[in-house]
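First comes the structure, then the notes that go with it.
The values are calculated or read from the model by the stated rules, or taken from the named source; none is laboratory data. The model shown is predicted, which means the values in this text are computed figures rather than measured ones. All Cβ positions, glycine included, derive from the backbone under ideal geometry; neighbour counts span all protein chains shown. Heads up: the accessible areas ignore ligands, DNA and RNA and are worked out on the full protein's heavy atoms, side chains in. Shrake-Rupley method; radii C 1.70, N 1.55, O 1.52, S 1.80 Å.
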Amino acid sequence: MPQTPTDTPADAKVTSLPPGQVSARHRWWILAVIGVAQLMVVLDATIVNIALPSAQKDLGFSDGDRQWVVTAYALAFGSLLLLGGRIADLFGRKVTFLVGLVGFAGASALGGAAGSFEMLVAARAAQGLFGALLAPAALSLLTVTFTDAKERAKAFGVYGAIAGAGGAIGLLLGGVLTEYLDWRWTLYVNLAFAVVAFVGGALLLQRTTRDKSATIDIPGAVLVGSGLFCVVYGFSNAESHDWSSVQTWGFLVAGTVLLAAFTWWQTRAAHPLLPLRVLLDRNRGASFVSVLLIGAGMFGVFLFLTYYLQQSLGYTPIKTGLAFLPMVAGLMVASTLATTVLVPRFGPKPIVPLGMGISAAGMVWLTGLDLDSSYAAHIMPPLIVAGLGFGLVMAPAMSLATSGVAAEDSGVASAAVNTMQQVGGSLGTALLNTLFSSAVTDYIAGKNPKDPMVMAQAGLEGYSTAYWWSAAFFAVGLVVSALLYRRGVPTTDPDAAPAVHM
């Protein structure tokens with residue numbers, strides 16, 4: 001499932017409260033408050049996907065533009081997460097948490113009331129921005145609230161479970177709200193979560209001492225944010241301007257230059273957003289690439305399969321949400337098996353490439369879907385296969401991305417790998433949507449676009465193209481992970497700081 005980035009920044013100086021200052025009862029209530037806020041953020045990675053066909057019909061935006069409703073959130077969230085963690089240090093975690101809640105709720109209300117495509121995309125980007133403030137502040141607060149090692153392990157376990165289940169809840173809740181109320185309620189529902197979390201946070205959370213030594217790497221934030229936007233925007237423009245257009249390759253070149261400049265700057269900055277030493281270990285580097293590629297493939301599947309089920313097969317929104325559950329079940333089973341049995345016994349080198357290969361097989365299987373496909377015989381089997389593959393890749397890669405890092409880097413490693421997943425999702429969605437639209441345009445060339453059967457077959461051609469390219473992403477992931485991961489079982493540091501991966 002799509003994930004959310006969470007953790008404290010690398011060099012954050014967390015000021016722990018005296019253990020007696022927060023009673024045991026209050027500590028678990030604080031966990032509940034933070035859990036509600038986290039659930040709200042996680043839901044928005046999937047809840048809007050189910051509602052997207054209804055929103056597109058209501059607001060009248062094109063197939064080429066619809067990706068921005070997904071991408072605007074993921075791109076803003078992913079590219080601003082590291083900066084959000086530094087802001088939490090600078091201004092205080094409680095204040096940042098509450099401001100993030102208010103801003104997220106306001107952006108959700110704006111999106112729910114959107115009368116145009118542009119307003120909806122702006123609201124989704126604002127959600128991502130405030131989510132990037134909220135997520136690292138929430139983890140910091142959790143860390144300083146639970147100072148006992150056993151209690152902290154339980155708290156992080158609950159927090160991780162909330163995040164893991166949030167994507168599935170989002171699919172179901174999105175279907176229920178869209179079908180029985182309106183697509184706008186997939187955004188309005190955040191107000192209920194935000195009010196509960198804000199009241200609880202204002203009453204229960206303790207103010208922590210601000211880290212006056214914290215500084216914000218403004219040049220780094222500007223370079224990485226603008227670079228990522230240019231790359232995603234360049235891929236998106238290929239659909240409307242062609243690959244030879246300066247508005248396509250110009251943005252891609254500019255984005256590449258800006259990201260290269262960001263990499264250079266991180267070697268010079270006094271307080272870099274992403275210390276490059278985090279990436280130098282082979283297992284961690286392989287994990288970052290694996291997470292980027294599976295993010296690109298996964299987000300595309302959710303987008304295009306949602307449209308296929310609703311527009312080609314006529315599924316209701318709630319039926320669409322239910323249809324994804326076997327994939328979620330397969331992902332959860334494979335994730336548990338990979339982290340508890342397979343990787344501890346065989347190491348990541350055979351397991352992650354295997355997961356990439358299974359994911360690719362699931363995508364290729366999906367290319368055979370047509371207008372007569374039944375769920376039990378034709379849709380559910382490849383979904384289960386894809387879910388199993390995703391789980392074999394995602395859990396080990398997310399875990400190994402922070403394994404063995406120094407204590408002061410555990411936060412930034414966790415935040416960065418989750419950022420890679422969001423960025424992968426943004427790039428994958430932009431590129432796959434462009435390829436989908438090009439395939440549809442090529443199919444209807446010379447045919448009657450007013451013929452419903454022509455348009456239905458054109459849609460199938462587009463979906464098949466997207467699945468083939470998703471399979472290509474995973475095939476590349478298979479090769480890269482097989483080459484980069486070290487042989488053998490990775491060693492773990494029992495004294496390492498906890499890091500949460502969603």
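Under the shape rule built on the C-alpha gyration tensor, where the axes satisfy a ≥ b ≥ c, the stretch 242-336 is oblate, since a/c reaches at least 1.5 while a/b does not exceed b/c. Relative to its Kirkwood radius, the Cα radius of gyration of the chain gives an Rg/Rh of 0.96. Once the Cα atoms are used to define both axes, helix 218-241 deviates from the longest principal axis of the chain by about 10 degrees. Local charge for Ala72 was computed over the other residues whose Cβ lies under 13 Å away, with Lys and Arg +1 and Asp and Glu -1, and equals -1.
For the chain, the longest principal axis of the Cα atoms and the long axis of helix 348-366 meet at an angle of about 30 degrees. Going 7 Å from the Cα of Arg282 along its beta-carbon direction, which residues of the stretch 457-480 have the amide nitrogen within less than 14 Å of the resulting point? Of the residues in the stretch 457-480, 480 have backbone N under 14 Å from the label point off Arg282. Grab the beta carbon distance between Ser245 and Val479, set R0 = 30 Å, and tell me the FRET efficiency rounded to 0.05. The computed FRET efficiency comes out at 0.45. If I take R0 = 45 Å and measure r between the Cβ atoms of Ala445 and Leu322 in this structure, what FRET efficiency does the formula 1/(1 + (r/R0)^6) give, to the nearest 0.05? With a Förster radius of 45 Å, E is 0.75. In plain terms, the chain from Glu118 to Trp468 could stretch by 123.0 nm, reckoned as 0.36 nm per residue minus the Cα-Cα distance.
In the chain, Cα pairs under 8 Å separated by at least six residues give a relative contact order of 24 percent. Per residue, the chain exposes 38 Å² of accessible surface when a 1.4 Å probe is rolled over the protein heavy atoms with every protein chain present. The spacing between the stretch 431-495 and the stretch 28-45, judged by their C-alpha centroids, is 32 Å. Cα centroid separation, the stretch 335-370 to the stretch 246-314: 21 Å. Is the C-alpha gyration tensor of the stretch 73-135 telling us rounded, prolate or oblate? Criteria: a/c under 1.5 is rounded; beyond that, a/b larger than b/c is prolate, otherwise oblate. Oblate shape, in that a/c is at least 1.5 and b/c is the bigger or equal ratio. Classify the stretch 238-396 from the C-alpha gyration tensor, please: rounded if a/c falls under 1.5, else prolate or oblate depending on whether a/b exceeds b/c. Verdict is oblate for the stretch 238-396.
With 0.36 nm allotted per residue and the present C-alpha distance subtracted, the Thr336-Asp372 stretch has 9.5 nm of extension available.
Of the solvent-accessible surface of the chain, computed with a 1.4 Å probe over protein heavy atoms with every protein chain present, carbon and sulfur atoms account for 67 percent. Peptides 95-104, 365-374, ordered by how many other C-beta atoms sit within 10 Å of their residues on average, highest first, read 95-104, 365-374.
Protection proxy ranking, highest mean first, for peptides 339-348, 169-178: 169-178, 339-348, where packing is the per-residue count of other beta-carbon atoms within 10 Å, averaged.
Taking K and R as +1 and D and E as -1, what net charge do the other residues with C-beta under 12 Å from the C-beta of Gln310 add up to? Local charge sum for Gln310: +1. Taking a sphere under 13 Å around the Cβ of Gly115 and counting the other residues whose Cβ falls inside, with K and R at +1 and D and E at -1, yields a net charge of -1. For the chain, the longest principal axis of the Cα atoms and the long axis of helix 67-91 meet at an angle of about 10 degrees.
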